Every structure is written in structure tokens, then in C-alpha cells.
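First up is the structure itself, then whatever we jot down about it.
The values are calculated or read from the model by the stated rules, or taken from the named source; none is laboratory data. Since this is a predicted model, take the numbers as computed values, not measurements. Note that we place each Cβ from the backbone using ideal geometry, even for glycine, and neighbour counts take in every protein chain shown. Just so you know, the surface numbers come from the protein's heavy atoms only, side chains and all, with ligands and any DNA or RNA stripped out. Shrake-Rupley method; radii C 1.70, N 1.55, O 1.52, S 1.80 Å.
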Amino acid sequence: MSKKKPLMIAFVGTSGSGKTGTMEYLTKQLTELGFKVGVAKHIHEEGFTIDTVGKDTWRHAHAGARVVIGASPNELAVIKKTSSESKFEEIAETLRNQDLDVALLEGFSAAGDGIANIPKVVTASDANGLKYTLRRTAPPILAITGLITRAQEKIGNLPAPLIDMKRESFLLTSLVRRCLRHDEMKEMLAKAAKKHGGTCIGLAVGIRAAYIASNVFQQDGSMPTKITCGTKHCIAEAFRTIFPRTPVRVEEVRNDRVLIESREAKLALQLAPKEKNKFSGIGQVLRVPDKVLFDSVNLTSR
């Protein structure tokens, strides 16, 4: 039987740019969506030990044991002594031996060629930090985030979507979820098409909008109480498929806005102007970045 290979995502950025906070958020959200998440942290400090000096496990290692296992009622720790810095491939092999869906990696930007083809999330504090990190980061890049999203700087020609973790964090969850479940939106679209009597561009756009909403509301069980669509009936039909127990209303006046409300939060999606959305087909609608489809995505707590 072949080993299950988790999706590996590297978080790359200078110290203090927001890597750890972003990873912590994503770990929590993906876990609540039912994924098994692992995290690997590359520690550069010379002489650092995970063990505690003077404890029994440290004494066994100090006596010459190459592998020491510490077992408690709730944890199992394996400490493997190495003669040199662990190569990335060794760490990747360890992750492959675990029952994981996704592994989030921090601090491996200088770990060699093994990380080159792994999807990356780049974090930065400002434009200079972003330029520096991008120069040193090989594609593919999934997203760019960090403190830079709060800075008053205009940044163009980015290789990936810029996601503000304070207002748009669920868009990063959506991106990673799509990597983990490649066919999920196609399956949602097929289900909606049966009710709709066929598929169309509008229904596909609706599936994308409802998919974003599912990343906000479904993971914690707080389903929406009301959905209002100032759009086509096709988009409303998509929401009726994904949230069958929630009332969906179509406004008479078109404003290209979708409002999803629960007792705890309100999510507003503003569709991009039509002239920006000249899609060649439904497949393209399912692939393009969220920020091509939507001019704004805003989540507020009640």
C-alpha cells in the first residue's frame, strides 16, 4: 500500500511578518472542517534541543541513544538525534508516515531544493520585505498575507492574491480547501444543476459565492439564518443547494450583492462588474481567483 502524501504548504517570510499567526488560524479552520493537520517548524538556533536538560529522556539521549520516545497519556514524542542539520526530505518522509491531510511548514525557506515545488504562502510586513521574500521564493505561491495588508501602500503586479487576515482570512481557507478537495466544487455544481435544470455561468458564480460562505459558516455549525441575493436567480439556486435549510430571497432590484447572515456574523459579497467577468466557460469560473469574481468580501461579527 502506498503512503498517503499530505498536501504540504510552506509559509515563507521574514521574522515578525505574520507566519505563525496565519498558520495558527489555518490549522484551527482546517481542523474544524474535518482535515487532519500537521505542522513542522524549522528551528535555526544553534544547539537548540526540544528535550529538557536533566529529564530522564535527556539523560538517555546524553548517554548515547539515537532515538528516545517519551509517552504520556495524551502525547507521544519521538526525539531523533542527528549528526547534522536535518534535510528537508527526511522531514517530509516523517510527515508522509503520519495520517495527515495537510502539513504546514514554517522556516524552511533555506532548506534546499526539496521545497521548491511546494505551494507557498508568503507573509510580509511592508513592501520592501515583500520584494525581498518574493525574490527568494520559487513558485507556486498560493497567497500573500501578513502585516503588509494593513499598510497604506499600493502594491501591484503580485504573483498571488493579497489576503487581509483580519477581514478575509476565510479566503485563505477556501484556497487551501480547494487544493485538498479538487472536485468538491464540481460536485456541488452538478448537484445544483439537477435542481436548476442545467448549468450556466450564473450558477457557477453562485457556487463560488456559496463555497466561500461555507468556509465561514459550516465549520463551526452556525448555519446562516437568512440569505439575500441582489442578483440572478441562478446564484440564489446555488445557495439553496448548499444551504437547503436557510431561506433564500432574491431582491427585485439588482445590486450584484449577496448577504449571508447568522446570529453570530454577517458576510457580504459584492460581485465584480460584468465587464471584468467575460469568462470562456464554466470551468474558468471555477478556477479564477476569488478576487476576480468579487470586488469585495466582508465579514462582520454581530
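Per-structure values
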quantity	calculated
Over the stretch 195-302 - Rg/Rh using Cα atoms and the Kirkwood inverse-distance radius	0.94
Accessible-area order (highest first, 1.4 angstrom probe) of the listed residues 254, 240, 177	254, 240, 177
Shape category assigned to the stretch 186-252 from the gyration tensor of Cα positions, a/c cut at 1.5	oblate
Two-site label geometry, residue 233 and residue 138: point separation in nm, points 7 Å out along Cα→Cβ	5.3 nm
Label-point separation in nm, residue 150 to residue 291, each point 7 Å along Cα→Cβ	1.8 nm
Rounded accessible area per residue of the stretch 2-43, 1.4 Å, Å²	49 Å²
Theoretical FRET efficiency, 1/(1+(r/R0)^6), r = Cβ-Cβ of residue 253 and residue 201, R0 30 Å, to 0.05	0.90
Gain in span if fully extended, residue 184 to residue 31, counting 0.36 nm per residue against the direct Cα distance	53.3 nm
Note, ³J(HN,Hα) from phi for the stretch 227-238, Karplus 6.51, -1.76, 1.60, rounded to Hz, x at Gly and Pro	10, 10, 10, x, 9, 5, 5, 4, 5, 4, 4, 5
Exposure rank, largest accessible area first [162, 267; 1.4 Å]	162, 267
Dipole magnitude of the stretch 115-161, debye to nearest 20 (Cβ charges: Lys/Arg +1, Asp/Glu -1, about Cα centre)	80 debye
Average accessible area per residue (Å²) across the stretch 108-205 - probe 1.4 Å, nucleic acids and ligands excluded	52 Å²
Projected label distance in nm at residue 301 and residue 280, using a 7 Å step from Cα toward the beta-carbon	4.4 nm
Two-site FRET efficiency, residue 164 against residue 98, from Cβ-Cβ distance with R₀ of 30 Å, rounded to 0.05	0.40
